[in-house]
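Notes follow the structure.
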Amino acid sequence: MSNQFKPAILQCFGDIAGAIGGHFETYLQVVAQVLQQAATVTATVDGPFELFDYVVSLREGIMDAWGGIIGAMKTSGKSKCHRSLDHVLF
């Protein structure tokens with residue numbers, strides 16, 4: 001298991017989107033790929049508790065990022081993020 005994704009960093013994508021609004025559309029495709037890849041990290045039932053805790057934190061970071069991105073796109077009148085949301089099914 002690789003800890004290449006850090007929950008706080010993923011949350012920052014949402015903060016950045018909120019700060020730059022519709023201009024975030026330029027980065028949406030790349031960020032959506034990163035969030036999608038991060039969402040594939042899983043923990044097994046018999047695995048260590050630390051891994052389970054990490055995956056929960058990671059999922060929270062992903063959802064915080066999407067919340068900021070969706071809010072930024074909605075307030076700017078841009079709606080292209082719906083194509084990137086297909087994988088957000090937990």
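Please treat every number below as a calculation from the coordinates, not as lab data. Just so it is clear, the model here is predicted, and its values are computed rather than measured. Here the Cβ is made from the backbone with ideal geometry for all residues, glycine too, and neighbour counts use every protein chain on show.
Specify whether the C-alpha gyration tensor of the stretch 7-85 places it in the rounded, prolate or oblate class, a ≥ b ≥ c being the square roots of the eigenvalues: rounded for a/c under 1.5, otherwise prolate if a/b is larger than b/c and oblate if not. Can you show the working numbers first?
Numbers: a/c = 3.16, a/b = 2.38, b/c = 1.32.
Prolate shape, in that a/c is at least 1.5 and a/b is the bigger ratio.
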**Message:** If I stretch the segment between Ile9 and Val45 completely, what's the gain in nm (0.36 nm per residue apart, minus their alpha carbon distance), one decimal?
**Reply:** 10.4 nm
**Prompt:** Which Cα, out of Phe13, Gly67, Tyr27, lies furthest along the positive dipole direction of the stretch 7-85 (beta carbon charges, K/R +1, D/E -1)?
**Reply:** Tyr27
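Starting with the fewest neighbours, write out Phe13, Phe49, Phe5 ranked by other beta-carbon atoms found within 10 Å of each beta-carbon. Mind dumping the intermediate values first?
Values: Phe13 24, Phe49 8, Phe5 18.
Final ranking by Cβ density, sparse to dense: Phe49, Phe5, Phe13.
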